[in-house]
Amino acid sequence: MREDGQVLIIQPTIADPIVKVEIDGEVVYSEETNEKNFRRYLHATEKAIHQSVTGGLFEIVKETITPEGDSYHCNEYESRKEWEEDRLTFCEDLEALTTISEKIEKIVKCRPHKVLEYWKEYKVLLLKIG
């Protein structure tokens, strides 16, 4: 927390990221991830923010989801392996990651491909009351 009593929380939104696979520019696979453990962490954070505000500890200064509307942030990977290695750094549900990775591997069969991951970000700025 900063000396002026402000807390900035930035995290993915509760909605699951969308993973797409392209071969020669054509989408050959698309699925929302289903990381139940990660969703539990996000819900816990959401609940803690709500309790802090309703309990009178903080007030919300600004709250937003970016990008707005139908747009998404996009991470692009040159292969399923590159995507999987990146996801392993923060994955809370290895079973879900393995399931999607195996599906992708069966589809691409060693062909050159790209993995695109689409997501949104939740930002909230809180100000300490008192």
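A short reminder: the numbers here are calculations on the coordinates, not readings from a lab. Since we're looking at a predicted model, the values are computed, not measured. Ideal geometry is used to build each Cβ from the backbone, glycine not excepted, and the neighbour counts take in all protein chains shown.
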Problem set entry | Qualifying residue in the stretch 79-92 (condition: surrounded by 13 or more Cβ atoms within 10 Å (Cβ to Cβ) and in contact with a His (Cβ under 6 Å, 6 or more places away or on another chain)) | no
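Being farther than 23 Å from residue 26 by Cβ, of a type outside the set (Asp, Glu) and free of Cβ contacts under 8 Å to residues at least 60 places away in the same chain, is that true of even one residue in the stretch 100-115?
First, pick out the residues of the stretch 100-115 that are farther than 23 Å from residue 26 by Cβ: none.
Within the stretch 100-115, none of the residues are farther than 23 Å from residue 26 by Cβ, of a type outside the set (Asp, Glu) and free of Cβ contacts under 8 Å to residues at least 60 places away in the same chain.
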Problem set entry | Only listed residue being basic (Lys, Arg) and in contact (Cβ under 8 Å) with a residue 40 or more places away in the chain, chosen from 47, 20 | 20
Exercise. Which condition breaks for residue 126 when tested against (1) over 22 Å from residue 14 (Cβ atoms); (2) part of a strand (DSSP E or B)?
Worked result: (1)
Problem set entry | Selection within the stretch 63-73 - surrounded by fewer than 12 Cβ atoms within 10 Å (Cβ to Cβ) and either hydrophobic (A, V, I, L, M, F, W, C) or on the phi > 0 side of the Ramachandran plot (or both) | 69
Problem set entry | Selected residue (only one of 97, 57, 8 is in contact (Cβ under 8 Å) with a residue 40 or more places away in the chain and touching an Asp or Glu at 6+ places or on another chain (Cβ under 9 Å)) | 97
Problem set entry | Of all residues making up the stretch 22-62, the number that are of a type in the set (Phe, Trp, Tyr) and at positive phi | 0
For this session: Spot the failing condition for residue 116; the list is (1) out of contact with any Cys (no Cβ under 8 Å at 6 or more places or on another chain); (2) under 16 Å from residue 21 (Cβ atoms), and only one is missed.
Result: (1)
